[in-house]
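To start, the structure under review is shown below, and the notes come after it.
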Amino acid sequence: MGGSSGGSSIYSAVQLSVLTRLFSATVFREMAKKGRSGLFRRLLEQTDLIESADPHATVGDAFDSAFEILKVAGHRDEYIYRAAISHKVLMGTHSLRTASMLNEFRAGSCKADLVILNGTATVYEIKSERDSLARLANQVENYKRVFAKVNVIASKGHIENVLATVPNDVGVMCLSKRYQITTVRDAVDCPARICPVTVFESLRMAEGAAILRAMGVTVPQVSNTQRHAAMRDLFAALDPVALHAEMVRTLKRTRDLAPLGDLVDRLPESLQAAALSVSVRRADHPRLVDATSTPLHATMAWS
C-alpha cells in the first residue's frame, strides 16, 4: 500500500485528522463489540487507502498503512508517540509479564499520558508536533508528586523549548524522524519527593486499602462517607520512598497487562498500542481479531 514514502505536503490537515481518527477508542471498541465498525467504513471512504490497497488487503493492512503515513515527522499525533513507547520501551526494554502500563492516570490536577511500572514508576508526558508546551511546567510539577521518574517525550522541534521549561531532574526524550526514541537527558529516579496524599487521590479505594495493609497499617472500619478522609490521613503519615515501592507493586498487580499478551500478538502492529490502552471485554477479543482480518473491500458493507 502506498502513501508512506511522501513528504508532508501530500496530506492535508483534514486527511491527517481522518487517518488519526481511525485509531480512536470508538473505532476500536466498535470492532470489539460488533466485529465491524461503521465509523471505520465512513472514515475509510474519506481516505485513498482503498484505492491504493492491493486486492487482498485486510482491515489490519489499512490500519498499518494509515500508521505509516501518520508516522512521518510533522504528521504525528499522540497515538504515534504512545505506540513508540509501547513498542520500544514497554515491550522492547521490558515485557508485559514484568512491567505494566497505566494510561490517562490521574496525578494531582493533571492526567498522565502514560506510566510504565517496572522496578519504579516512570511517567511519560507526550508533546507531539501538534501539542503546545503551555501546560508542561504545571504537568511536570504534578507528576513529581506521584512518580519517581518523569520524562517528556517530544518531537525534535520541541526539544529546545522543553529543556528550557522543565527542571534538570526531568528526563527529555526525542522521537526522531526515523521513529527512534533517543534520550536527550536521563530522568533522575527520586521517590523521596512524592506526596503521599496526592498518591492516595490517584488510586482506587481498594488499591489504597491494599497498600496500607501491605505497609502494616490497619485500614479503619468506618462508614463509607468517612473512609476517604480516614485513609487520606493515614497516607499523609507514610514514608514517601516506602509508599512509592508499594504503590508500584500494588498497581503492577491491579493493572496487570499480561492477560492482554495474546490479543496484542494477534493484532496488526499498528493497533497494539490501542489494545494496551483501550479496555475491551476479554470475551470480545476474538471478534476484534476477526474484524482486523476482514478483507478491506468487505468493509464497504459495514454499517
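Quick note: the coordinates plus some simple rules give every number you see, no bench work behind them. What you are looking at is a predicted structure, and each value in this text was computed from that prediction instead of being measured. Backbone-built Cβ (ideal geometry, glycine too); neighbour counts: all protein chains shown.
What GluC sites (Glu not before Pro) in the range 204-276 are in a loop by DSSP, with at most 14 other Cβ atoms within 10 Å of the Cβ?
Within the range 204-276, no GluC sites (Glu not before Pro) qualify (loop, at most 14 other Cβ atoms within 10 Å).
List, in order, the whole-Hz ³J(HN,Hα) value for each residue of the range 180-192 obtained from phi through the Karplus relation with A = 6.51, B = -1.76, C = 1.60 and θ = phi - 60°; use x for Gly and Pro.
For the range 180-192, the Karplus-derived couplings read 10, 9, 10, 8, 7, 8, 6, 7, 7, 7, 9, x, 5 Hz, x marking Gly and Pro.
Exposure proxy check: HIS158, HIS228 ranked by fewest other beta carbons within 10 Å?
By the 10 Å Cβ count, ascending, the order reads HIS228, HIS158.
Once amide H atoms are built 1.01 Å from N in the peptide plane, which residues 5 or more positions from ALA107, or in another chain, come under 5 Å H to H?
ALA112
For the chain, restrict the atom set to alpha-carbon positions and state the Rg and Dmax in Å.
Rg and Dmax of the chain, Cα atoms, are 21.0, 65 Å.
Once Lys and Arg get +1 and Asp and Glu get -1 on their Cβ, which of SER95, MET231, ILE153 lies farthest toward the positive end of the dipole of the chain?
Most positive-ward Cα: MET231.
Using the Karplus curve 6.51 cos²θ - 1.76 cosθ + 1.60 with θ = phi - 60°, work out ³J(HN,Hα) for each residue of the range 87-99 in order, rounded to whole Hz, and write x for Gly and Pro.
6, 8, 9, 4, 9, x, 7, 10, 8, 5, 7, 9, 10
Return SER86, SER303 ranked ascending by Cβ neighbour count within 10 Å, so the fewest neighbours appear first.
Neighbour counts put them in this order, fewest first: SER303, SER86.
Sum -39500 (n - 2.57) across every DSSP H segment of at least 4 residues in the chain, then divide by the residue count to get the 222 nm mean residue ellipticity, nearest 500.
-12500 deg cm²/dmol
Count the lysine pairs in the chain whose Cα atoms sit under 21 Å apart, keeping only pairs 8 or more residues apart in sequence or on different chains.
Counting lysine pairs in the chain gives 20.
Which trypsin sites (Lys or Arg not before Pro) does the range 225-303 hold that lie in a coil by DSSP with at most 11 other beta carbons within 10 Å?
Of the trypsin sites (Lys or Arg not before Pro), the ones in loops of the range 225-303 whose Cβ has at most 11 other Cβ atoms within 10 Å are ARG281.
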